[in-house]
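Shown next, in structure tokens, is the structure this report addresses.
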Amino acid sequence: MSAVGPVRQPIDVDALERYLTTHVPRCFRAPITLKQFGYGQSNPTYLLINGDGRKYVMRKKPPGSLLSKTAHAVEREYRVLHALQSTPVPTPKVHALCEDPAVIGTPFYIMEFVEGRIFENYAIPDVSSTERKLIWKSAIQTLAQLHSIEPASVNLQSYGRTSNFYSRQIQTWTKIHASQATAVDKETGQPIGDLPHFHEMLSYFSKHLPQDRTTIVHGDFKIDNLIYHPTEPRVIGIVDWELSTLGHPLSDLANLLTPFSYLDGSAPLEFKSHPYNIDLEALPGVPTPAELLGWYAEIGGWDPTPDMNFAFAFTLMRGSAIFHGIAARYAMRVASSEKARENGEKRWGYSELAWIYTEKHEQAVEERKKVEAKL
């Protein structure tokens, strides 16, 4: 697991202890101690050590006023985790949800501490080639299991809208991009402007939407949000459900497999030169996207292959728009660090690669039309 250290913002541990020992006495014993994980910057995440030595994890909303009422929704995280407890999807067991901010300042929930391995580098170095392939196989099979759960069967039919995921996303990102593009640089007095090809891409996406599908989606499904068994190449826990909703399964697939899009021969150098991508291309045992999508289809019951270039293009466009937002905040000096400036510059490469995959999808569509015309 990620390293833990001192709690970075004050929490009334005595109040937390009183609440847990009163409301969940079967699990919690005094004294309770608290440490904070290095990850979980959006929703602060803590290691809670029980009086009898057992370990738990607490996720809470950040302190202070929040810019968005829907962001940092730990209540939604708890709901989806609780709903999936009795399914084959490996999730940490949840023990308590407290929605009363009077206890420690913000709502929070408690879940089990899952002892295992987290791989930050998606190329999975330092394991055998056989284990590397099985680690990736378990990731894609776990995702297929999640997407196979009928939302209504676990009382999640109201967890999000049930249709038109990509149409709604196009509308959302069009508005976000328009707002960001008008941000004026504090020094030059010039707006940061549009992303390259943004409007062409959004127009193309709206005319070539994949078949509508709706499943439970994680929202940020990737290798480093999975906990693996300490010695076996299998997923034993999926974490960081903050962005989960009902949506198109292609969005999760593209998020997991996007590292493979960085290896495209036409990709900008910044992608090819990243150490993780060098490893991904060089290390033996890394499965091909075709292998991964085949394993997904065996469980998921449908083949996403024809739509993956669309999914990659959209996911990369979304990434470019996120970096565009960072650039806008840097321009206004709301975010003034050198790191913010560097991240804002990433919008160019992501936009370029998104356009490459948009063209790939268009070429594939045209080729299919030619084949179908001959049948």
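The values are calculated or read from the model by the stated rules, or taken from the named source; none is laboratory data. All values reported here derive from a predicted model rather than from experimental measurement. For neighbour counting, all protein chains shown are included, and Cβ atoms are generated from backbone atoms with ideal geometry for every residue, glycine included. Quick note on the areas: whole protein, heavy atoms, side chains included, nothing else; ligands and nucleic acids left out. Shrake-Rupley method; radii C 1.70, N 1.55, O 1.52, S 1.80 Å.
At-a-glance table
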quantity: Test: GLU232 is outside any loop (DSSP other than H, G, I, E, B), open to solvent by 50 Å² or more (accessible area, probe 1.4 Å) and of a type in the set (D, E, K, R); calculated: no
quantity: Residue within the stretch 77-84 that is open to solvent by 20 Å² or more (accessible area, probe 1.4 Å), of a type outside the set (A, V, I, L, M) and within 16 Å of LYS60 (Cβ to Cβ) present; calculated: yes
quantity: VAL154 vs. criteria in contact (Cβ under 8 Å) with a residue 12 or more places away in the chain, farther than 18 Å from PRO230 by Cβ and surrounded by 16 or more Cβ atoms within 10 Å (Cβ to Cβ); calculated: yes
quantity: Residue count for the stretch 125-151, restricted to those that are aliphatic (A, V, I, L, M), farther than 15 Å from THR215 by Cβ and open to solvent by less than 40 Å² (accessible area, probe 1.4 Å); calculated: 3
quantity: First in the stretch 322-350 and over 15 Å from ASP185 (Cα atoms), second anywhere and basic (Lys, Arg) and crowded, with 17+ Cβ neighbours inside 10 Å, Cβ under 6 Å, 6 or more apart; calculated: PHE323/LYS346; PHE323/ARG347
quantity: Flag for TYR166 being over 28 Å from PHE260 (Cβ atoms), open to solvent by less than 60 Å² (accessible area, probe 1.4 Å), outside the structural domain of THR91 (by the TED database) and under 18 Å from the mean Cα position of the chain (by Cα); calculated: no
quantity: Close pairs from the stretch 136-148: first at positive phi and in the same structural domain as GLY237 (by the TED database), partner of a type in the set (Lys, Arg) and modelled with pLDDT of 95 or more, Cβ under 7 Å, at least 6 apart; calculated: none
quantity: GLN169, sole failed condition from (1) touching a residue at least 40 places away in the same chain (Cβ under 8 Å); (2) among the polar types (S, T, N, Q); (3) part of a loop (DSSP other than H, G, I, E, B); calculated: (3)
quantity: Condition check for ASP194: on the phi < 0 side of the Ramachandran plot, open to solvent by 10 Å² or more (accessible area, probe 1.4 Å), outside any helix (DSSP H, G or I) and not hydroxyl-bearing (Ser, Thr, Tyr); calculated: yes
quantity: Residue in the stretch 17-34 that is at negative phi, in a strand (DSSP E or B) and touching a strand residue (DSSP E or B) at 6+ places or on another chain (Cβ under 6 Å) present; calculated: yes
quantity: Top-ranked residue in the stretch 66-103 [being modelled with pLDDT under 95 and among the β-branched types (Val, Ile, Thr); ranked as nearest to ILE140 (Cα to Cα)]; calculated: VAL74
quantity: THR174 open to solvent by 40 Å² or more (accessible area, probe 1.4 Å), closer than 29 Å to SER336 by Cα and either without any contact (Cβ under 8 Å) to a residue 40 or more places away in the chain or not assigned by the TED database to the domain that holds THR315 (or both); calculated: yes
